[in-house]
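The values are calculated or read from the model by the stated rules, or taken from the named source; none is laboratory data. Here the structure is a predicted model, which is why all the values come from computation and not from measurement. Neighbour counts are summed over all protein chains in view; Cβ atoms, including those assigned to glycine, are modelled from backbone coordinates with ideal geometry. For accessibility, only protein heavy atoms count, side chains too; no ligands or nucleic acids. Shrake-Rupley method; radii C 1.70, N 1.55, O 1.52, S 1.80 Å.
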Amino acid sequence: MSDSIILGIESSCDDTSAAIIKGNSILSNIAANQAIHKEYGGVVPELASRAHQQNIIPVVEKSFSKANIQQNAISAIGFTRGPGLLGSLLVGTSFAKSLAMSLNVPLIEVNHLQAHILAHFIEDANPVPPTFPFLCLTVSGGHTMIVLVKDYFDMEIIGKTIDDAAGEAFDKIGKIFDLDYPAGPIIDRLAKEGNPDAFTFNKPKLENYDYSFSGIKTSVLYFIQKEVRKNPDFIKENLNDLCASVQKSIIEILMNKLEKAAKDLNVNQVAIAGGVSANSALRKAMEDNKERLGWSIYIPKFEYTTDNAAMIAMVAKLKFERGEFTDLRTSATAKYDL
């Protein structure tokens, strides 16, 4: 089973990706991004699904070529069934079904959120993989949650956002600052040149492990409106400080709940996953807590943080070993519980 070769396909949002995994080792991980969404300040579902149709065959072919693997050598095909944009998911699901049928290999459905977490078990994701149980802060443009991971397929969401996701908050606040989409990486870059204590913004007061990011978005909006009335060039003159202050606030919100959960549950194995886990301030906060709280931390390689097929292939490999296959009757789903 360790010699199984599996093709993973990811198409949940606006990145078309294909990867080949052998054992726990990634042989290729190819992705095509969709720049067109920058013009609209966010992902346009119809445009995303059309771009997936254009990209999926070249991406899969390049994945096989880079891995130096023939199509008839693969043992199974894993694909993202959900959650995500339905039109985008349908492209990947339909392609995976067709290819599996033509090659006469098993089909394996994968939960996108589960894949972000299990990406930590890819051979080169970490120096050593996490041990169970561990907490995983899974944070992206569409999702923010704290997951207690008891085993590969035994996960419990103990806290989640009640409104916006953290990545969504970065993008919406970036729009207020007139930054391009996606704004998260731009804010991260500009924040390095700013003072994180220059401005303060409201933070939510939730008793449990849940998150809320709509409040900070509104706090920033009202603050900017007030300051711009006094000085039309306020954003331009204070952009680095604004980005640093916003980033500090969002990271503190994320880390405070994660620290509380780790303490309450007496878990010192702590990981991050998802697109926002590429954020430099979040990574530094994890390193700081490693020293301060005695955590064993797990921060994935950058290429395994954003939506990618390597993580899909990893989950498919684990399911392949368990004989957990699906059939051609399966269908894409926008919502898919962890």
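Condition check: in contact with a helix residue (DSSP H, G or I) (Cβ under 9 Å, 6 or more places away or on another chain), among the aliphatic types (A, V, I, L, M) and surrounded by fewer than 19 Cβ atoms within 10 Å (Cβ to Cβ). Does Leu107 satisfy that?
No, not satisfied.
Among the residues of the range 117-132, how many are closer than 16 Å to Ile297 by Cβ and either open to solvent by less than 10 Å² (accessible area, probe 1.4 Å) or within 15 Å of the chain's Cα centre (by Cα) (or both)?
Selection size over the range 117-132: 5.
Which one of these does Ala48 not meet: (1) among the hydrophobic types (A, V, I, L, M, F, W, C); (2) in contact with a Cys (Cβ under 8 Å, 6 or more places away or on another chain); (3) open to solvent by 40 Å² or more (accessible area, probe 1.4 Å)?
(3)
Filtering the range 216-249 down to residues that are open to solvent by less than 40 Å² (accessible area, probe 1.4 Å) and without any contact (Cβ under 8 Å) to a residue 24 or more places away in the chain, which residue is nearest to Lys263 (Cα to Cα)?
If we take residues in the range 216-249 being open to solvent by less than 40 Å² (accessible area, probe 1.4 Å) and without any contact (Cβ under 8 Å) to a residue 24 or more places away in the chain, then Ser219 is nearest to Lys263 (Cα to Cα).
Determine if the range 128-135 includes at least one residue that is at pLDDT 95 or above, within 30 Å of Thr218 (Cβ to Cβ) and not in a loop (DSSP other than H, G, I, E, B).
Yes, some residue in the range 128-135 is at pLDDT 95 or above, within 30 Å of Thr218 (Cβ to Cβ) and not in a loop (DSSP other than H, G, I, E, B).
Applying the selection to the range 91-104, what residues are open to solvent by 40 Å² or more (accessible area, probe 1.4 Å) and touching a helix residue (DSSP H, G or I) at 6+ places or on another chain (Cβ under 7 Å)?
Phe95, Leu103
Output the residues belonging to the range 2-33 that are under 18 Å from Asn104 (Cα atoms) and surrounded by fewer than 24 Cβ atoms within 10 Å (Cβ to Cβ).
Result: Ser4, Ile5.
Among the residues of the range 302-328, which ones are modelled with pLDDT under 95 and either part of a helix (DSSP H, G or I) or surrounded by fewer than 16 Cβ atoms within 10 Å (Cβ to Cβ) (or both)?
Phe302, Glu303, Asp327, Leu328
If we keep just the residues of the range 173-215 that are outside any loop (DSSP other than H, G, I, E, B) and more than 13 Å from Gln247 (Cβ to Cβ), which is most open to solvent (accessible area, probe 1.4 Å)?
Among them, the one singled out is Lys175.
Going by the conditions given, is Ala281 open to solvent by 20 Å² or more (accessible area, probe 1.4 Å), assigned to a helix (DSSP H, G or I) and not charged (D, E, K, R)?
When the stated conditions are applied, Ala281 passes them.
Every residue in the range 25-84 that is in a helix (DSSP H, G or I), among the basic types (Lys, Arg) and under 24 Å from Gly142 (Cβ atoms), please.
Residues satisfying the conditions are Lys38, Arg50.
Filter the range 294-338 for residues that are among the β-branched types (Val, Ile, Thr) and out of contact with any Gly (no Cβ under 7 Å at 6 or more places or on another chain) and give the result.
Ile297, Ile299, Thr326, Thr330
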